[in-house]
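First up is the structure itself, then whatever we jot down about it.
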Amino acid sequence: MLENIYLLAATLLFTLGLGYYLITALQWFSYKWERILLHYTKPLWHLYFAIIPFGVFAIFSTFWSSLTPIFAGLYLVALFFWQRKLDKKLVFTSRIKRFFCFLLFAFLIFSYFLLNQILVLVFSLAISFLLMELYEKLLYIKFKNSAKNKLASMLDLKIVLITASFGKTSMKNFCASLLEKDFNVLKTPRSVNTLAGIIKDINENLTPETQIYIAEAGARLKGDIKDIAQFLNPHFVIIGEIGAMHIEYFKSLENIRSTKLEALVSKNLEYAFLHSTTLKKEDEKTCIYDHKVSDISANLDGIKFKLNDTWFSSKLLGAFNAQNIAASVLLALKLGVKQDTLKMSVLNLKSVEHRLERLDAGGKIIIDDSFNGNLKGMKQSYELVRGYSGRKILLTPGIVEADDELNEELSKSINEIFDVVVITSGINQKALTKFLSNPEVIILKDKSKMQEFLSQNTTSGDLILFSNDAPSFV
């Protein structure tokens, strides 16, 4: 009897541990089973923390049940040390809490009716994930209808939808900054760019006083942006530069382009500001905004550019920001903001967090560009620091969710400019080091050691550039 209790307790602990690993992976990849099964960036983790442990547990519970509690304990210890090293740990949202409640409920039911511990484990996990999905779908329908009704009741609200392969969060923040003096503006928070995130934001933050709502749209599959556009029916659309981001999901640049252009399906569309990479033509309802920008100059003090026949200056870093600002300025002009007001607002624009943020500390220049993950933007940030006379140190994982060809091209640019290159992820190590012959190359496999490395290996006068970032699960 006592042995059965120990075995049941061990099975519960192992079930909770395996459930913890799986739900953590699901949260990282937006609760998409396809992505953690087919596009998981650390497949060995599945082997170490799911497949092998499940096999060993099955053998022990069948043939050496007395050892099962010991193994379950060791598995939990392994999970504990694994999660301690993660820089993106499981966030215990309401959804996660509901999952563990479903898991405990299912375990109690199946352990009462089934004697085989493996079946209890498998059925408990399967049913809890199924219940979670069903419950979330019901909640989603409820919240979607609530948000839809709120939008329908706000007849004077103007909606702006922004999408791009890169730069959409920056443009969203620039638009909000340029409009907030003249309008009551709400923008989606941080990098929220899914329909579910937009629905949540509308329900929680949109008020009757809001005059302009600015949302960004991201995509992993064809139809993602169409769903957002058909839900919001924006009056103004900005489609920024299109490139090979997330090419592994879309397979071709043309698929990416057609997905971004889904933003134009809105039945309320009044005007669109498009980048020339959309391959669209200018007409009475369409502006190709990057064609309006000229004479861009950029250095470590900021940027200057001409939009149509007017000069604008900004303290923001990076030549690419000239086009992002231009799209935002053109939208503001369309909405009636005066040009003189906009010139002053552009001068006072603040950088988006982790996008070419300059910090000066201990005689070192630190540039945080860790949210810049596209080839063009990364290369432009390298050109920005090329003329710096001191030692230039780069920390980067390369371009995540891109093929080797793009990272090899990045490698060529890095080789020309930097004195020290610290590669912070093994995912692109081979491609990134292919053309590195000039700089000292350091492989930093444990990101938790980054602070220690910088304090011991950098001195006053160094320029340190954080270029893109990859969480530890990548």
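The numbers here are math on the coordinates, done by the rules we state, and not lab data. Note that the structure is a prediction, hence the values are computed from the model and not measured. Glycine gets a Cβ as well: all are built from the backbone with ideal geometry, and neighbour counts include every protein chain shown.
In table form, for the structure just shown:
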{"item": "Given 88/292; 148/376; 200/350, the pairs whose alpha carbons are separated by over 29 Å", "result": "88/292; 148/376"}
{"item": "Fully extended contour minus Cα-Cα distance, from residue 338 to residue 435, at 0.36 nm per residue", "result": "30.0 nm"}
{"item": "Test item: Cα-centred dipole of region 357-467, Lys/Arg +1 and Asp/Glu -1 on Cβ, debye", "result": "200"}
{"item": "Cα-based Rg and Dmax for region 119-250, where Dmax is the largest Cα-Cα distance (Å)", "result": "17.2, 62"}
{"item": "Centre separation in Å (Cα based) which lies between region 5-33 and region 451-471", "result": "36"}
{"item": "Among 381, 67, 157 - extreme Cα towards positive end, dipole of the chain, charges at beta-carbon", "result": "157"}
{"item": "Taking only Cα atoms of region 1-137, radius of gyration then Dmax in Å", "result": "14.8, 45"}
{"item": "18 Å Cα-Cα reach of residue 412 towards aspartates and glutamates, excluding residues that sit fewer than 8 places from it in its own chain", "result": "383, 403, 404, 440"}
{"item": "Full-stretch length increase - residue 181, residue 222 - with 0.36 nm per residue and alpha-carbon distance subtracted", "result": "11.1 nm"}
{"item": "Spatial extent of region 388-469: Rg and Dmax, with the Cα atoms as the point set, Å", "result": "12.1, 36"}
{"item": "FRET efficiency estimate (nearest 0.05) - Cβ-Cβ, residue 359 to residue 51, R0 45 angstrom", "result": "0.55"}
{"item": "Where Rh is the Kirkwood radius over Cα pairs, Rg/Rh for region 155-348", "result": "0.95"}
{"item": "Helical mean residue ellipticity (222 nm; -39500 (n - 2.57) per DSSP H run of 4+; nearest 500) of the chain", "result": "-15000 deg cm²/dmol"}
{"item": "Size of charge dipole - the chain - debye, nearest 20, with Cβ of Lys, Arg +1 and Asp, Glu -1, no other charges", "result": "700"}
{"item": "Span from the region 99-131 Cα centroid across to the region 378-409 one, whole angstrom", "result": "49"}
{"item": "Long pairs among 304/434; 150/280; 251/449; 280/306; 85/251; 137/447, criterion Cα-Cα beyond 31 Å", "result": "304/434; 150/280; 251/449; 85/251; 137/447"}
{"item": "Phi to ³J(HN,Hα) by Karplus 6.51 cos²θ - 1.76 cosθ + 1.60 over region 189-199, Hz, x for Gly, Pro", "result": "x, 6, 10, 4, 8, 9, 4, 4, x, 5, 4"}
{"item": "Helix 52-63 axis, angle to the chain major axis (alpha carbon atoms, nearest 10°)", "result": "10"}
{"item": "Cα→Cβ-extended label distance, 7 Å offset, between residue 115 and residue 146, nm", "result": "4.8"}
{"item": "Point-to-point label distance, residue 453-residue 347, nm (Cα→Cβ direction, 7 Å offset)", "result": "4.1"}
{"item": "Spin-label proximity, residue 34 to region 258-289 - amide N less than 20 Å from point 7 Å beyond Cα toward beta carbon", "result": "258-263"}
{"item": "Rh (Kirkwood; distinct C-alpha pairs) - region 74-154, Å", "result": "15.4"}
{"item": "Cα-derived Rg to Rh of the chain, Kirkwood definition", "result": "1.02"}
{"item": "Stretchable slack from residue 416 to residue 122, in nm (0.36 nm times residue separation minus alpha-carbon distance)", "result": "100.4 nm"}
{"item": "Eligible aspartates and glutamates near residue 32 by straight Cα distance, threshold 15 Å, same-chain separation 8 or greater", "result": "133, 136, 224"}
